[in-house]
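Written below as structure tokens is the structure these notes are about.
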Amino acid sequence: MLPVALLVIAFVARTSARFTPDWKSLDARPLPTWYDEAKLGIFIHWGVFSVPGFGSEWFWWRWQGQQPPDQSCVNYMSKNYPPGFSYPEFAPQFHAQFFDPEEWADIFKASGAKYVVLTAKHHEGFTNWGSPNSWNWNSVDTGPHRDLVGDLGEAVRSRSLHYGLYNSLYEWFHPLYLNDKKNGFKTQEFVMHKLLPEIYNMVVRYRPEVIWSDGDWEAPDTYWNSTELLAWLYNDSPVKDTVVTNDRWGAGCACKHGGYYNCEDKYTPGKLPKHKWEKCTSVDTLSWGYRRNMKMKELMDLPTIIKDLVQTVTLGGNYLLNVGPTPDGMIPAVFEERLRSVGAWLEINGEAIYASKPWRVQTENSTVPIWYTSKGTTVYAFITTKPPKPAVQLLEPKTSPSTKVTLLGDATSLPWSPVHPDAGLNVLLPELPYTPAQVWTLKLEFVQ
């Protein structure tokens, strides 16, 4: 019985081990498995910045923060608003009167996404929930007079999707932050009296399974108390076992510390990274938030999105695709069309995406560009360009006479011949079915 007792003691010790507030300990925390299996998430940038709907979600900063100001923003205000109009006056116009969280959640479910990340607070400091630390600058006290974070969370979770929240550490014009900045970040008035109490309240109230941190780059992680916050999150918070975090926890942390790595917006590594990562990108290539004047040519089309998703997953990443709703609470129809079309492609090809792993080779280009994922002994080959002939050559797979090849969406075995005695295939393709995504997937089953 002694070996069994020792095993029990070791298991209890391992499961009860606590993370200490230092990067060596925090970086060693295993990522909850749901995140890597999910592969696709939806990002939502929504806030007061959606009201002017001009330039991007950085409108306030570019109008009144940066020096010199962005002249296009200055001109926009002078032509459309009275003299002396202030940015906070946009908040009452953030009505969200058509916001239907059930409808949004239906769209996200139809997209094939497995998690949703909403901006709880962007750099402007406005919270999409009734934060007790953001008096009169939140969605309950003004504008929608509604708990947007809570309402969407309920709808998303009722569809078995994971729910996460984006939170900006810094706030452009908060007086406590500006004072700490003036002091060279040697004081922490903003952190202690605004940031940390607010994050604690947000986590306890909404239990997000993703904390998508941002706005960290002006100060070191020691100013933000990032390691102490993460230690609490991983040890004692109500989401300690399921929460995942990114890498934006202070200047120099990106691609180095935290949970999964974002590295930078729209990051794509040149080769398979050793650490789990996520690519965040936006359907609107010029903005994360809603723009009144966006044009079709400025949006990602479906083939671009699907190829981007495929290449991200084959390199071990997750894909977080952003849409910017209108201030009245509508997801623009063109964004909805993109999301539903992604879901339609995943209905057929999702087997090769969800819970897949990078293969020993990620890509080859013998006949046309091919990208690979795998599950156990099964390999999936994504054809990202329609071949000029009804055949495709795959040089990397090692074959045997029992190797079976099918096209996802059709169980019919496809004829193939070896390129070499034990490696490579020439696959005879059927007439490829029409797909707006212009990406098809071969399934290669290797019987042991």
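The values are calculated or read from the model by the stated rules, or taken from the named source; none is laboratory data. Keep in mind that what you see is a predicted model, and the values were worked out from it rather than measured. Cβ atoms come from the backbone with ideal geometry, glycine included; neighbour counts cover every protein chain shown. In case anyone asks, the SASA skips ligands and DNA or RNA and just uses the protein heavy atoms, side chains included. Shrake-Rupley method; radii C 1.70, N 1.55, O 1.52, S 1.80 Å.
Side notes on the structure shown:
- Long-range neighbours under 8 Å by Cβ, at least six apart or interchain, first residue in contact (Cβ under 8 Å) with a residue 40 or more places away in the chain within the range 90-104, second of a type in the set (Lys, Arg): ALA96/ARG146; PHE99/ARG146
- Considering PRO358, PRO401, PRO430, PRO388, the condition of being part of a strand (DSSP E or B), of a type outside the set (Val, Ile, Thr) and open to solvent by 40 Å² or more (accessible area, probe 1.4 Å) is satisfied by PRO358 alone.
- Candidates are the residues of the range 186-214 that are more than 24 Å from the chain's Cα centre (by Cα) and in a helix (DSSP H, G or I); the one that is farthest from GLY130 (Cα to Cα) is GLU189.
- Qualifying residue in the range 132-139 (condition: part of a loop (DSSP other than H, G, I, E, B) and closer than 24 Å to LEU320 by Cα): no
- Test result for SER417, small (Gly, Ala, Ser) and farther than 23 Å from THR304 by Cα: yes
- Residues satisfying the stated conditions in the range 51-92, i.e. closer than 17 Å to MET294 by Cβ, in a helix (DSSP H, G or I) and open to solvent by less than 40 Å² (accessible area, probe 1.4 Å): PHE59, CYS73, TYR76
- Test: residue in the range 267-278 that is modelled with pLDDT of 95 or more, among the basic types (Lys, Arg), within 12 Å of the chain's Cα centre (by Cα) and within 25 Å of TRP34 (Cα to Cα): no
- Close pairs (8 angstrom Cβ cut-off, 6 or more residues apart or separate chains): surrounded by fewer than 16 Cβ atoms within 10 Å (Cβ to Cβ) in the range 295-307, part of a helix (DSSP H, G or I) anywhere: MET296/VAL334
- Residues that are touching a helix residue (DSSP H, G or I) at 6+ places or on another chain (Cβ under 7 Å) and either among the hydrophobic types (A, V, I, L, M, F, W, C) or at pLDDT below 95 (or both) do not occur anywhere in the range 422-429.
- For the range 283-296, the condition of being under 30 Å from ALA17 (Cβ atoms) and not β-branched (Val, Ile, Thr) holds for none of the residues.
- Reported count of residues in the range 173-198, each being open to solvent by less than 10 Å² (accessible area, probe 1.4 Å) and out of contact with any Lys or Arg (no Cβ under 9 Å at 6 or more places or on another chain), is 3.
- Positions within the range 325-344 being out of contact with any strand residue (DSSP E or B) (no Cβ under 6 Å at 6 or more places or on another chain) and open to solvent by less than 10 Å² (accessible area, probe 1.4 Å), in sequence order: PRO325, GLY329, LEU339, VAL342, GLY343
- Any hit, the range 412-422, residues being open to solvent by less than 20 Å² (accessible area, probe 1.4 Å) and of a type in the set (Gly, Ala, Ser): no
- Residues of the range 260-289 satisfying the condition of being open to solvent by 30 Å² or more (accessible area, probe 1.4 Å) and in a strand (DSSP E or B): TYR261
- Among the conditions (1) part of a helix (DSSP H, G or I); (2) more than 30 Å from THR385 (Cβ to Cβ), the only one that ARG292 does not satisfy is (1).
- Hey, ASP241 in the same structural domain as TYR35 (by the TED database), within 25 Å of TYR35 (Cβ to Cβ) and within 21 Å of the chain's Cα centre (by Cα) or not: yes
- Between TRP232, TRP249, TRP217, the distinction of being under 23 Å from PHE185 (Cα atoms), open to solvent by 10 Å² or more (accessible area, probe 1.4 Å) and assigned to a loop (DSSP other than H, G, I, E, B) belongs to TRP217 only.
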